[in-house]
Every structure is written in structure tokens, then in C-alpha cells.
Amino acid sequence: MITACGDSGSNADDASNSDEKSSEKSSEKSETKKVFGQMGTMVDPRDGTVYQTIQIGRQLWMAENLTFYDSIWNPQMASWENESYCSHSATGIVPIVSSQSDEESYSCKYKYTYNEAMNFDSYDDSLYNDGICPPGWHLPTMDEFDDFKSAINAKCDSITYCNLKEHGWSESDEYWTSVSADYGVRIESDYGFSFERNSNMAVYYSVDLGGYKSFEADFSFKSNRLHVRCVQGSKADSIDALKDFLETREKNIAEKQAAEAQLAYDINGAKNYFNENLEYSYFTDERDSNVYGYIKIGNYTWMAENLRYLFDGSQRLYNHSDTTRFYTIGNVYTFDQVDSACPAGWHVSSAAEWDDLIAAAGSVGNLMAANFNWAPSSLVPTNSTGFTMIASSWNYNCNCFEKSEFNEVDFMTSSDSVHTKVRVDTIYTDIPLDSCDTDTLVADTVASADTVASADTVAADSAVVSDSLTNVPTRSFTLDTTYKETIFHISYEYCWVFESFSKKRESFYEEYSVRCVMDY
């Protein structure tokens, strides 16, 4: 035993007191091992989640894994997929159904890729709201994990590690740091060092309380999913970060509401251009749940929108960069689809029904949707009939059906036009002459020659003439008539040159819009 200068030694009482003090110190050390660091709680202001915290050295750490998911704060998280671990609800993450214990099941939840953990941004040591951590907290750097490791090793033995398992750390797990290997990172260890320069990798820290290397840094692909533990920054930074977070989220909420309103408007399609002064009725197509407005014009009841039904295996014929146009201009159909295009209780409009529609409208402008759906012309689009016709056409440049910038639109009808061609052929038949016919032919020939020849010529031997004409045939003919019918479909085209509808005959390969009429 070492004593101070001038000490005369120890007696039995002193020895007894020394043993008591040693026992107290040993008890104090054991108590320190049992409760390491000051425990507390914090609230994530983004979603109200309460997390346990623990003071380790100079740092305040989360004593629980982060469980944050909010696509409003960061819209990029809306595409976050984590099927290999857990599924997500609209408001957060839902644990997978598992037969494992709660502790084992918990390890599957709330794992993030590096980019998700970093909130799809790069880390800046001067700020403490980087990453997916709550305002005022941040994803730890590699140095902060090293400080965490040093503080524990300095105070705890390698067996108990101050009961870290009871203070929020599982037996074995892996956590992201904020350090990317983009520009090269060197990791020191007791066995040397490792170096990586790879934009696809970042540094993580593993905690293995039962292993021979309890705390170890290493590289992991950014696409892997690991847990996140956050470290608190300064209070001043926390206030600023919360302010920035609230402003960002409020802005994103407004943008999301605007986007949802725009989407609802786009899906409303042609109904956005209905005549608000008219009363429409509505019908739901049971085949695909498409809802159509309809109205009576003239003697018939018409759908006020182009048909949108998709046959099995068919594709929407529109510009795929703007899929919401489908709700405004509908689909297009070939003539062989006419009989089955419209829903039950409706049929593809006929030529006679179109003639009635045009007559009832009086002017084509009364059929046209207003609201700048037509290029300027002498016609004034009023949509007074409620028909809500919108300019649309096939664009051969993009090979798509789209809303047209020009005054053009085509509708097919259910009516056919039969075109008949007649071909007349003359068929000649050779008929050989018999002997009695020869005498007649000779007599006629001689009589005919008598008018143009001299008497000496006429005196020629008739037998010679008869011999020369014996094999000359006569010819007869008949007429052969062939009828060929071609069936064309009738369509109606708005002709912008004459600003009127024209009836056309089309072959089967054409694709046009369809308006359905209620059965009667």
C-alpha cells in the first residue's frame, strides 16, 4: 500500500475503514456499469414521435432507431419502397406481420438507404438538420461514432458495455453515418486501415455487443438499408432547423394540395368545359366505372363526352407524356369495334342522328366547347347545345391521339355506305360457215362487187370465189356484266376550311372518336 509522506502507517481500524471505502468504490463502479449515461426523452416535432435519449460523453444520442416517414416534408419519400423489410401506409410505416418476437420484428422496421437517410441531399457539418433526422438533430459523422465508441470503451468493460442493450442498443445492428465515399475515405482500425473511393458507397457503423469487435466502421453500398440513430446539435441550431422544417413542410403541403387539385381537374376531363347554364345528367359505364355526362339535343340524347372505353388488350391512343388528356378527348376506335364500343343502353351514333344533331345546333359553333378549345376563326364557340366538342386529332409525328391546336375533329358513325362498281365485258364467239352459207356469201360478194368493178371482173369464175371463202368464219358477241360492291363507313369531319361538318366515306383502318347515343 502506498502512503503519503509523514504517514506513520495504518492500524486495524484504518484497515477496516479502507476496506469499507474500497467496497463503496467498487459498488459505485458497478452502479456506473449498470446505468451508463443520463436517459431522457425527446419529441420529433414532425410527427409527434417520442424517442428515448441517452447522454454518452459529450453527445446526446437517440436511444432508439429513427422511425420517420413523411412524403409531405420530402416528396421524394413518396417513392420509397421497402418491401424486403416493411410495408408503408399513407401516414407512416406499418410493421410487417411476423411470428417473431417484438424485439426480432422491430429489427425489420424503419431501415433506410443511404440517400433516404441523407434526405436525398449531401451533408454539411455546419448544419444540424441534414439527413432524415428531426430538426436540431443530425445524422452522425464517422468522427462522432468514434467519440461514441471511445466514451463507452473508456468507462465500460468489454463484457457488459454498461448494459447498453438495456439502454436502446440491440445485440447487433448497423447504422449509417453521413460520410460518403464519393471523394475517398480512409477508415482506421486496430488491424490497419481500409480505403474506398466509390460514389456508390458510404460509411456505416456496426454495433455488436456480443462480438469480439463490438464497434466497427466499414463501407456499405448506398442501396443497402440500415438503421439510423441521430445526434443532437446545438439548441440555437435546433430552433433554426425547426423553423426551416415548418416552412418547408407548409410550402410542400400547399404544393401538394395544388397538385392534387390540378389532378382532380385533369381527371374531370371534358366536364370542365360543360355549359354551366345547362343541366346535365350522368351515367356510369359498368365496364370500367367511367362517368359520362349526357344531354338531349334535338330528337336524341347524346353523351357530352367522347367515349373512353378500352377494349381488352388495347392501348390508350394518346400522348403518353400527358396521360390526363385521355379524360378530355377520350379514346379512338376502328370501324370493326363499332358494334361493341358503347355501353349497354347506348349505341354509336348513326349518320341520321348526326344529321339531326347538326340541324338542331343551327351553327357548328353551338356544338363547340368554349374555354379556348378551338383556334380563333369566324365561328364563335358557344356550346349552347351542351355537346362540348373539343378539337382533337391523330398526330403522326408522335403517333398519338391528342388535343389539337387546330380546328379539326373526326367522329365515326355506325352507318355504312355501299359503293357499287359495274364492269361490262364484250365476249366474241367465232362461228364456222357451212356449205349453204358459202353460196349465200358468194352471191352477196358478187353483188356487192358489181357496184364497184367492171363487167369483165364480174364475169370471173364464181367457183374460184367460192373456193377462196369456204373457211372464213363469222363472229358473234355477248355482253358480260360484273357487279362489285365496296362497303365504306360513314364518318363526320369538321372542316376548318369551310367551317362546317362534311360527311365522309372511310375504309376500315381509320381510327376516330365516338359519341354514344341513348337507345330508344
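Amide H contacts for MET389 (H built 1.01 Å from N in the peptide plane; partners 5 or more residues away or on another chain; cut-off under 5 Å): MET368, ALA369. Close amide H pairs (under 5 Å, H built 1.01 Å from N) link ASN224 with TYR114, residues at least 5 positions away or on another chain.
Pairs from the list LYS149/LYS251; LYS251/LYS403; LYS149/LYS222; LYS256/LYS296; LYS296/LYS503 with a Cα-Cα gap above 28 Å: LYS149/LYS251; LYS251/LYS403; LYS256/LYS296. Quick one: with all protein chains in place, what share of the accessible area of the range 218-261 is carbon or sulfur, to the nearest percent (1.4 Å probe)? Of all accessible area on the range 218-261, carbon and sulfur atoms account for 53 percent.
The values are calculated or read from the model by the stated rules, or taken from the named source; none is laboratory data. The structure presented is a predicted model; accordingly, all values stated were derived computationally and were not measured. These area figures cover heavy atoms from the full protein model, side chains too; ligands, DNA and RNA do not enter into them. Shrake-Rupley method; radii C 1.70, N 1.55, O 1.52, S 1.80 Å.
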